[in-house]
Amino acid sequence: MRITTIICGGILMGIAGGAMACELPKLVIIPAKSEVAGKEAEVRTAAGAYFSAMQAYTACVQAELAGAGGDAAPDLVKKVLVARNNAAVAEAQFMMKLFEDNLGPIAAAPGGAKTER
């Protein structure tokens with residue numbers, strides 16, 4: 001029984017450990033509306049890079065979920081990966097709203113981040 005537990009634990013660690021390869025991008029600093037003057041281009045560039053990196057992160061997490069078996073993945077692995085994806089999507093949506101409130105619409109809005117569950 002002990003050897004089975006060790007083997008199963010190792011398999012789960014390998015599956016879940018792969019998600020660690022997905023690197024969550026650092027938050028972009030979006031100044032208050034009153035402090036944006038003269039920084040628009042710099043903030044837009046940084047925000048664009050953040051949103052692109054966030055799309056890559058969610059795609060990576062979703063690929064890890066698919067690699068772990070998708071809907072057939074072990075429950076714990078599936079829950080962790082879905083939670084990471086959903087947290088990233090919520091963060092990106094919050095940052096997009098903050099950006100739009102302080103700078104207006106972004107030129108190339110992200111369209112790939114989606115909620116898995």
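If I filter region 81-89 for residues that are farther than 30 Å from Ala37 by Cβ, at pLDDT below 95, surrounded by fewer than 20 Cβ atoms within 10 Å (Cβ to Cβ) and not polar (S, T, N, Q), do I get at least one hit?
Taking region 81-89 as the starting set, the residues that turn out to be farther than 30 Å from Ala37 by Cβ are 81-89.
Add one more test, that the residue is at pLDDT below 95, and what stays is none.
No - not one qualifying residue is present in region 81-89.
Tell me which of these Ala68 doesn't satisfy, since it passes every other one: (1) over 18 Å from Ile30 (Cβ atoms); (2) surrounded by fewer than 15 Cβ atoms within 10 Å (Cβ to Cβ); (3) in contact (Cβ under 8 Å) with a residue 24 or more places away in the chain.
The failed condition is (2).
Please enumerate the residues belonging to region 63-84 that are more than 18 Å from the chain's Cα centre (by Cα) and of a type in the set (Gly, Ala, Ser). Quick ask: steps written out before the conclusion?
Quick first cut of region 63-84, residues more than 18 Å from the chain's Cα centre (by Cα) only: 69, 71-76.
Of everything in region 63-84, those that are more than 18 Å from the chain's Cα centre (by Cα) and of a type in the set (Gly, Ala, Ser) turn out to be Gly69, Ala72, Ala73.
Is it true that Ala47 is in contact with a Leu (Cβ under 9 Å, 6 or more places away or on another chain), modelled with pLDDT under 95 and more than 14 Å from Ala88 (Cα to Cα)?
Working: in contact with a Leu (Cβ under 9 Å, 6 or more places away or on another chain): yes; modelled with pLDDT under 95: no; more than 14 Å from Ala88 (Cα to Cα): yes.
So Ala47 does not fit the description; no.
The values are calculated or read from the model by the stated rules, or taken from the named source; none is laboratory data. Please read these numbers as outputs of a predicted model, since none were measured by experiment. FYI the Cβ positions are ideal-geometry reconstructions off the backbone, even for glycines, and counts take in every protein chain you see.
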